[in-house]
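Peer 1: One structure coming up, written as structure tokens, with questions to follow.
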Amino acid sequence: MNIVVLVKQVPDTATERKLSSDDNTLDRAASDGVINELDEYAIEEALLLKEKHGGEVTILTMGPDQATDSIRKALSMGADKAVHLVDDALHGSDALQTAYALSKALGTLEFDLVVLGSESTDARTGIVGAALAEYLGLPQLTLAGKVDVDGQAIRIQRATDYGHDVVEAQLPAVVSVVEKINEPRYPSFKLIMQAKKKPVAKLSAADAGIDTALVGLGNAATETVDFAPAPPRAAGTVIKDEGDGGVKAADFLAEKKFV
Amino acid sequence: MAEVLVLVDHVDGEVKKVTTELLTAARRVGEPSAVWIGDGAEAAQARLAEFGAVKVYAASAELNDYVVAPKAELLAHLAREKSAAAVLVSATPENKEVAGRAAVKLGSGVLTDVVDLTADLVAEHSVFGGAVVTHARVRTGVPVVAVRPNSVPAEPAPAQAEVEQVSVELSAAATAARVVERVVQEKGARPELTEAAIVVSGGRGVGSDDFTVVENLADALGAAVGASRAAVDSGWYPNQFQVGQTGKTVSPNLYVALGISGAIQHRAGMQTSKNIVAVNKDPEAPIFELADFGVVGDLHTVAPQLTEEINKRR
Ligand SMILES: Cc1cc2nc3c(=O)[nH]c(=O)nc-3n(C[C@H](O)[C@H](O)[C@H](O)COP(=O)(O)OP(=O)(O)OC[C@H]3O[C@@H](n4cnc5c(N)ncnc54)[C@H](O)[C@@H]3O)c2cc1C
Ligand SMILES: Cc1cc2nc3c(=O)[nH]c(=O)nc-3n(C[C@H](O)[C@H](O)[C@H](O)COP(=O)(O)OP(=O)(O)OC[C@H]3O[C@@H](n4cnc5c(N)ncnc54)[C@H](O)[C@@H]3O)c2cc1C
């Protein structure tokens with residue numbers, strides 16, 4: 001079973017993240033880039049499926065040159081090879097353009113399954129998986145907390161408000177994963193060394209057959225008009241508990257009409 | 001006035017609060033038309049009209065038998081047929097996906113996790129864990145906008161709603177992922193986390209899987225219970241109650257953090273709460289930077305006293 005895992009490089013949440021005042025897009029120079037956390041769970045799930053059913057795991061990343069760091073990290077977890085979709089024309093693409101571009105890049109690959117995270121930590125739209133299924137015309141098996149493949153049949157548990165749905169489809173399909181699905185492995189020293197030699201193919205927009213009139217900041221259907229630091233919250237009251245902390249908190253809640 | 005489609009969230013025929021918020025936001029832009037999937041549209045019509053819906057488009061429950069795509073096909077079909085000015089959905093994981101697919105079909109842009117919306121459809125976002133506020137708009141097609149629950153206060157504006165049955169021809173792609181079973185977890189009597197007006201969350205400071213100190217305060221306030229990732233990872237509270245970047249995003253009128261340090265990833269899920277109360281024994285805990293009211297102390301004494309005090313004043 002051949003699996004493509006979509007991996008996004010995002011700014012480390014532990015650092016101060018910024019938008020660039022030039023064009024209101026992410027300021028990638030401001031923070032270190034790391035693998036989007038949920039994508040590590042996607043990689044892990046792909047590796048588990050490979051261990052069970054055989055085949056190959058390919059990493060697909062769309063992002064600027066520095067995304068290679070995240071690609072190497074993904075390979076050091078055990079993926080076999082990678083494709084890096086990189087082109088200045090893609091800069092500033094919105095969520096749907098990203099899904100379109102990824103769908104075109106996937107068109108150059110052979111796969112039975114596409115696995116991705118259910119949400120990125122930077123933009124957090126949570127729609128790339130669904131939009132990708134729409135562009136590819138493939139079954140959407142998103143928000144998966146459990147995945148089982150049996151021949152051509154695939155079954156997942158889809159997280160819902162009330163618990164979960166059990167969903168079935170036929171391969172090929174698009175699966176996005178939620179955090180509880182597994183525990184991502186740490187790369188071993190051996191795998192880290194091996195990863196350095198694994199093939200990473202660069203793909204330009206033209207290579208992928210992407211119509212550059214449909215991608216990038218200038219062609220996006222959405223536009224960020226402005227941004228500003230959130231207004232600071234009015235300083236609150238902090239008291240030390242002298243035996244009546246709960247009563248004082250109740251006074252505050254009463255004043256705000258919650259009690 | 002142009003129609004604004006609002007996808008209704010309902011449980012067993014009962015309209016969720018977020019839908020009344022969306023109808024309120026829709027009235028700024030045009031005339032709200034509710035889109036109802038499943039049975040019970042007639043019974044819910046009065047409630048939807050109370051918040052300004054002039055139409056209720058009712059579609060078959062069959063759409064729920066498949067994942068997301070049929071709902072997107074319905075919304076895209078209606079948006080075209082009615083020349084809608086915009087499509088609004090609640091920013092739940094499922095509805096964001098519906099929004100994404102509908103926007104692809106419409107050749108439109110989509111805005112997610114919107115916390116405010118103007119009459120001209122300029123959307124406000126709170127990003128990077130609440131540190132930055134952005135404004136965005138859709139410049140191509142019918143704007144599809146996913147609005148975060150508890151962001152736009154619901155205000156009634158009584159109208160007359162007319163129910164119209166609608167149907168949509170589902171494509172083969174839309175029925176490719178079939179729901180074969182629904183597993184409902186017991187959720188008890190507490191309100192749902194993302195919808196609740198008040199949320200009381202516990203963190204590592206709770207110290208064990210005995211969350212009664214958190215639950216008792218929540219019940220006194222009629223609140224939902226949340227948890228930090230540290231508490232969830234320790235196995236003290238179930239996964240679906242995690243608040244934060246990789247958990248749920250909540251925006252209640254009141255958020256109470258018990259024994260939570262206030263890490264950036266936790267803030268990402270609660271920073272837009274209107275009022276924040278924190279109890280933490282460490283005066284340096286970053287959660288106090290956000291708190292409107294903070295108590296430096298042991299949650300195991302402060303929280304029970306607060307619970308008792310609330311129950312006394314009822
Ligand atoms: C603060 C902020 C807010 C934004 N808001 C919006 C908005 O409201 N509407 C909009 O259309 N765009 C928005 N964007 C742009 C959008 O984030 C980017 O287009 C992004 O590339 C895709 O969206 P996402 O990260 O939210 O994807 P998600 O849907 O949250 O990501 C899900 C998964 O998709 C995969 N994936 C996503 N991007 C890539 C990639 N480049 N390469 C490989 N795999 C990938 C990963 O597996 C990831 O886990 C916003 C950007 C920022 C920085
Ligand atoms: C990519 C990523 C995603 C993440 N996503 C999330 C997320 O969605 N949600 C989330 O919450 N976290 C998330 N985290 C984890 C986050 O960084 C923090 O580790 C986590 O929020 C800490 O939880 P906590 O505040 O309960 O624990 P701690 O940080 O350990 O804080 C416990 C606090 O309790 C106080 N305390 C201890 N005992 C008592 C007592 N008896 N009375 C009063 N106070 C007491 C301590 O002073 C301390 O401040 C994520 C991390 C990463 C890297």
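Peer 1: Specify whether the C-alpha gyration tensor of the stretch B:141-212 places it in the rounded, prolate or oblate class, a ≥ b ≥ c being the square roots of the eigenvalues: rounded for a/c under 1.5, otherwise prolate if a/b is larger than b/c and oblate if not.
Peer 2: Oblate, since a/c reaches 1.5 and b/c is not below a/b.
Peer 1: Where Lys and Arg each count +1 and Asp and Glu each count -1, what net charge lies around B:N280 among other residues with Cβ under 13 Å from its Cβ?
Peer 2: Around B:N280, the charge tally is -2.
Peer 1: Net charge around A:K50, counting only other residues with Cβ within less than 13 Å of its Cβ (Lys, Arg = +1; Asp, Glu = -1)?
Peer 2: Taking every Cβ under 13 Å from that of A:K50, the sum is -3.
Peer 1: Follow-up question, since we're still on this one. Sorted from largest down, what three extents in whole angstroms do the Cα atoms of the stretch A:63-122 have along their principal axes?
Peer 2: 30, 27, 22
Peer 1: Now for a different question. Quick check on the stretch A:1-135: of the DSSP beta bridges with both residues there, what percent are antiparallel, nearest 5%?
Peer 2: 25
Peer 1: Which residue, A:L48, A:L85, A:T68, has the largest displacement toward the positive end of the dipole of the stretch A:3-229 when charges sit on each Cβ (Lys, Arg +1; Asp, Glu -1)?
Peer 2: The listed residue farthest towards the positive side: A:L48.
Peer 1: How far is helix A:245-255 tilted off the main Cα axis of chain A, in degrees rounded to 10, range 0 to 90?
Peer 2: 90
Peer 1: So what's the Cα pair-distance distribution over the stretch B:1-133, bin width 5 Å, in %?
Peer 2: Here the calculated profile for the stretch B:1-133 is 2, 11, 21, 25, 22, 12, 5, 2, 0.
Peer 1: Let me ask something else about it. How much of the accessible area of chain B, in percent, comes from carbon and sulfur atoms when a 1.4 Å probe is used?
Peer 2: Carbon and sulfur together cover 48 percent of it.
Peer 1: Specify the angular offset, from 0 to 90 degrees and rounded to the nearest 10, of the alpha carbon long axis of helix A:37-53 from the longest principal axis of the alpha carbons in chain A.
Peer 2: 40
Peer 1: May I ask for the distance between the Cα centers of the stretch B:1-74 and the stretch A:163-202, given as a whole number of Å?
Peer 2: Cα centroid of the stretch B:1-74 versus Cα centroid of the stretch A:163-202: 37 Å apart.
Peer 1: For the stretch B:162-314, what D do you get in µm² per second when you plug the Kirkwood radius from alpha-carbon pairs into Stokes-Einstein at 10 °C and 1.306 mPa s?
Peer 2: Taking Rh from Cα pairs, D becomes 95 µm²/s.
Peer 1: Could you tell me the total accessible area buried at the B-A interface, probe 1.4 Å, in square angstrom to the nearest hundred?
Peer 2: Protein heavy atoms only, the B-A interface buries about 6700 Å².
Peer 1: Beyond 30 Å, what share of the Cα-Cα pairs of the protein assembly as shown is found? Please give it as a whole percent.
Peer 2: Everything past 30 Å amounts to 52 percent.
Peer 1: If you don't mind, another one. Counting only protein heavy atoms and a 1.4 Å probe, tell me what percentage of chain A's accessible area is made up of carbon and sulfur.
Peer 2: 51
Peer 1: Let me ask something else. Of the DSSP beta bridges with both residues in chain B, give the percent that are antiparallel, rounding to the nearest 5.
Peer 2: The answer is about 20 percent antiparallel.
Peer 1: State the antiparallel share, in %, of DSSP beta bridges confined to the stretch A:3-229, rounding to the nearest 5.
Peer 2: 45
Peer 1: So what's the angle, to the nearest 10 degrees on a 0 to 90 scale, between helix A:95-106 and the longest Cα principal axis of chain A?
Peer 2: 20
Peer 1: Where a ≥ b ≥ c are the square roots of the eigenvalues of the C-alpha gyration tensor, would you call the stretch A:3-229 rounded, which needs a/c under 1.5, or, failing that, prolate if a/b is larger than b/c, or oblate?
Peer 2: rounded
Peer 1: How much area per residue is accessible in the stretch A:3-229 when the probe is 1.4 Å and only protein heavy atoms are counted (Å²)?
Peer 2: Using a 1.4 Å probe on heavy atoms only, each residue of the stretch A:3-229 averages 40 Å².
Peer 1: What do the square roots of 5 times the Cα gyration tensor eigenvalues come to for the stretch B:226-314, in whole Å, largest first, as semi-axes of the equivalent ellipsoid?
Peer 2: Semi-axes from the Cα gyration tensor: 20, 15, 14 Å.
Peer 1: Counting pairs of Cα atoms in the stretch A:119-212, how many percent are more than 16 Å apart?
Peer 2: 70
Peer 1: Per residue, how much accessible area does chain B have with a 1.4 Å probe, in Å²?
Peer 2: That works out to 37 Å² for each residue.
Peer 1: For chain B, compute Rh as the Kirkwood radius over C-alpha pairs and then the Stokes-Einstein diffusion coefficient at 4 °C and 1.567 mPa s; write the answer in µm²/s, rounded to an integer.
Peer 2: For these conditions, the coefficient is 63 µm²/s.
Peer 1: Rounded to the nearest 20 debye, what is the charge dipole size of the stretch A:3-229 about its Cα centre when +1 sits on each Lys and Arg Cβ and -1 on each Asp and Glu Cβ?
Peer 2: Taking the Cα centre of the stretch A:3-229 as origin, the dipole is about 820 debye.
The values are calculated or read from the model by the stated rules, or taken from the named source; none is laboratory data. Owing to the predicted nature of the structure, the values given are computational and were not obtained by experimental measurement. Using ideal geometry, Cβ is built from the backbone for each residue, glycine included, and neighbour counts are taken over all protein chains shown. Side chains included, ligands, DNA and RNA excluded: accessible areas come from the protein's heavy atoms. Shrake-Rupley method; radii C 1.70, N 1.55, O 1.52, S 1.80 Å.
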